[in-house]
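Peer 1: Let me give you the structure first, and then I'll get to my questions.
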Amino acid sequence: KNQVEQSPQSLIILEGKNCTLQCNYTVSPFSNLRWYKQDTGRGPVSLTIMTFSENTKSNGRYTATLDADTKQSSLHITASQLSDSASYICVVSARWDYKLSFGAGTTVTVRA
Amino acid sequence: NAGVTQTPKFQVLKTGQSMTLQCAQDMNHNSMYWYRQDPGMGLRLIYYSASEGTTDKGEVPNGYNVSRLNKREFSLRLESAAPSQTSVYFCASSPAGQGAHNEQFFGPGTRLTVL
């Protein structure tokens with residue numbers, strides 16, 4: 001069964017600090033991996049998408065990495081801002097499969 | 001350009017009542033989806049419509065029905081609501097299917113409580 005595990009479940013950081021979120025998956029055969037940001041009370045919004053051949057992708061202060069060999073991804077937030085407070089969801093797509101596999105998300109709280 | 005819109009935003013039902021959740025997109029996308037999001041779990045696909053005129057079951061379809069009314073609209077119906085259907089429901093759309101690079105765009109969600 002295709003699974004996506006995220007860690008930690010939640011974290012609290014001070015404004016201006018960095019943090020890294022982890023995503024491990026068992027989806028096979030792998031097609032692509034997306035990171036979504038979900039603000040409280042809103043729908044998820046895509047941050048990055050990476051395919052098998054991509055190791056790193058950035059979107060402003062967000063940098064995602066992918067190691068397809070170990071089936072791990074990370075999302076690094078640099079110089080966090082209060083607006084970064086949200087849930088971050090890892091989503092993995094398998095080739096030839098209509099379904100996406102969603103992680104449960106990591107809730108990030110940024111405090112002043 | 002509103003993207004994906006959902007109505008209502010909040011709803012409280014009694015067990016056994018029925019209701020329809022509405023979803024519309026103005027991005028001319030072919031594919032539309034209904035998900036539910038429960039605490040501590042990832043989003044789970046209820047039903048999807050790869051294109052106008054087609055619908056298929058997802059991971060958790062029991063207790064739900066859908067209608068792809070036209071290219072823009074995709075509704076989700078609960079015929080006899082149960083407390084287990086208390087959840088946040090998201091509608092999403094994508095240009096064409098769930099394949100590589102087909103980003104899904106999500107609506108704001110409907111928070112449903114069944115008493």
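Peer 1: Yes or no: A:Gly16 outside any strand (DSSP E or B), within 12 Å of another protein chain (Cβ to nearest Cβ) and on the phi > 0 side of the Ramachandran plot? Explain how you work it out, then say what you get.
Peer 2: Working: outside any strand (DSSP E or B): yes; within 12 Å of another protein chain (Cβ to nearest Cβ): no; on the phi > 0 side of the Ramachandran plot: yes.
When the stated conditions are applied, A:Gly16 does not pass them.
Peer 1: Go through A:Gly41, A:Gly60 for me and flag whichever is surrounded by fewer than 18 Cβ atoms within 10 Å (Cβ to Cβ), closer than 25 Å to B:Gly3 by Cα and over 15 Å from the mean Cα position of the chain (by Cα). Walk me through how you get there before you give the answer.
Peer 2: Details: A:Gly60 fails: over 15 Å from the mean Cα position of the chain (by Cα).
From the options A:Gly41, A:Gly60, the qualifying one is A:Gly41.
Peer 1: Next up: Quick one: count up the residues across the stretch A:66-112 that are out of contact with any strand residue (DSSP E or B) (no Cβ under 6 Å at 6 or more places or on another chain), more than 28 Å from B:Ala96 (Cβ to Cβ) and free of Cβ contacts under 8 Å to residues at least 60 places away in the same chain.
Peer 2: Residues that pass the stated criteria total 4.
Peer 1: Does A:Thr63 fit the bill of being in contact (Cβ under 8 Å) with a residue 12 or more places away in the chain and either of a type in the set (Lys, Arg) or within 11 Å of chain B (Cβ to nearest Cβ) (or both)?
Peer 2: For A:Thr63, the condition - in contact (Cβ under 8 Å) with a residue 12 or more places away in the chain and either of a type in the set (Lys, Arg) or within 11 Å of chain B (Cβ to nearest Cβ) (or both) - is not met.
Peer 1: Another question, then. Of the residues that sit in the stretch A:66-112 and are more than 21 Å from B:Ile46 (Cβ to Cβ) and within 14 Å of another protein chain (Cβ to nearest Cβ), which one is surrounded by the fewest Cβ atoms within 10 Å (Cβ to Cβ)?
Peer 2: Residues of the stretch A:66-112 more than 21 Å from B:Ile46 (Cβ to Cβ): A:66-86, A:88, A:95-96, A:106-112.
So of that shortlist, the ones also within 14 Å of another protein chain (Cβ to nearest Cβ) come out as A:66, A:68, A:86, A:88, A:95-96, A:106-107.
Numbers: A:Leu66: 23, A:Ala68: 16, A:Ala86: 20, A:Tyr88: 23, A:Arg95: 13, A:Trp96: 7, A:Thr106: 22, A:Thr107: 17.
Once the filter is applied, the top-ranked residue is A:Trp96.
Peer 1: When the residues of the stretch B:20-39 are narrowed to those that are part of a loop (DSSP other than H, G, I, E, B) and over 21 Å from B:Pro8 (Cα atoms), which ends up farthest from the chain's Cα centre (by Cα)? Explain how you work it out, then say what you get.
Peer 2: Here is the first cut: in the stretch B:20-39, the residues part of a loop (DSSP other than H, G, I, E, B) are B:26-30, B:38-39.
Imposing the further condition that a residue be over 21 Å from B:Pro8 (Cα atoms) reduces the set to B:28-30.
Working: B:Asn28: 17, B:His29: 15, B:Asn30: 15 Å.
Ranking the qualifying residues of the stretch B:20-39, first place goes to B:Asn28.
Peer 1: Output yes when any residue across the stretch B:49-63 is hydroxyl-bearing (Ser, Thr, Tyr) and either in contact with a Leu (Cβ under 6 Å, 6 or more places away or on another chain) or closer than 27 Å to A:Tyr88 by Cβ (or both), and no when none is. Full working, then the answer.
Peer 2: Filtering the stretch B:49-63 down to residues hydroxyl-bearing (Ser, Thr, Tyr) leaves B:49, B:51, B:54-55.
From the residues that got through so far, the ones that are either in contact with a Leu (Cβ under 6 Å, 6 or more places away or on another chain) or closer than 27 Å to A:Tyr88 by Cβ (or both) too are none.
Checked the stretch B:49-63: no residue is hydroxyl-bearing (Ser, Thr, Tyr) and either in contact with a Leu (Cβ under 6 Å, 6 or more places away or on another chain) or closer than 27 Å to A:Tyr88 by Cβ (or both).
Peer 1: Still on this structure, please answer the following. What is the one condition in (1) out of contact with any Leu (no Cβ under 7 Å at 6 or more places or on another chain); (2) not in a strand (DSSP E or B) that A:Ser87 does not satisfy?
Peer 2: All conditions pass for A:Ser87, except number (2).
Peer 1: Among the numbered criteria (1) of a type outside the set (Gly, Ala, Ser); (2) assigned to a loop (DSSP other than H, G, I, E, B); (3) modelled with pLDDT of 95 or more, which single criterion is violated by A:Trp35?
Peer 2: (2)
Peer 1: Moving on. Evaluate the stretch B:12-33: report whether one residue or more is at negative phi, of a type in the set (Asp, Glu), out of contact with any helix residue (DSSP H, G or I) (no Cβ under 7 Å at 6 or more places or on another chain) and within 9 Å of another protein chain (Cβ to nearest Cβ). Step through it out loud before you land on a result.
Peer 2: First, the residues of the stretch B:12-33 that are at negative phi: B:12-15, B:17-27, B:29-33.
Of the ones still in play, those that are also of a type in the set (Asp, Glu) are B:26.
Filter once more, so that each one left must be out of contact with any helix residue (DSSP H, G or I) (no Cβ under 7 Å at 6 or more places or on another chain): B:26.
Keeping just the survivors that are within 9 Å of another protein chain (Cβ to nearest Cβ) gives none.
Checked the stretch B:12-33: no residue is at negative phi, of a type in the set (Asp, Glu), out of contact with any helix residue (DSSP H, G or I) (no Cβ under 7 Å at 6 or more places or on another chain) and within 9 Å of another protein chain (Cβ to nearest Cβ).
Peer 1: Suppose we filter B:Gly53, B:Gly42 for residues that are within 12 Å of chain A (Cβ to nearest Cβ) and assigned to a loop (DSSP other than H, G, I, E, B); which single one remains? Steps first, answer last, please.
Peer 2: Numbers: B:Gly53 fails: within 12 Å of chain A (Cβ to nearest Cβ).
Selected residue: B:Gly42, the only one of B:Gly53, B:Gly42 that is within 12 Å of chain A (Cβ to nearest Cβ) and assigned to a loop (DSSP other than H, G, I, E, B).
Peer 1: What pairs come out if I take residues in the stretch A:28-56 that are free of Cβ contacts under 8 Å to residues at least 12 places away in the same chain and pair them with residues that are assigned to a strand (DSSP E or B) whose C-beta lies under 6 Å away, six or more apart or interchain?
Peer 2: Final answer for the pair search is A:Gly43/B:Phe90; A:Gly43/B:Phe106; A:Val45/A:Lys37; A:Thr56/A:Thr65.
The values are calculated or read from the model by the stated rules, or taken from the named source; none is laboratory data. Not measured: the values here are computed from a predicted model. As a convention, Cβ positions derive from the backbone with ideal geometry for all residues, glycine included, and neighbour counts pool all protein chains shown.
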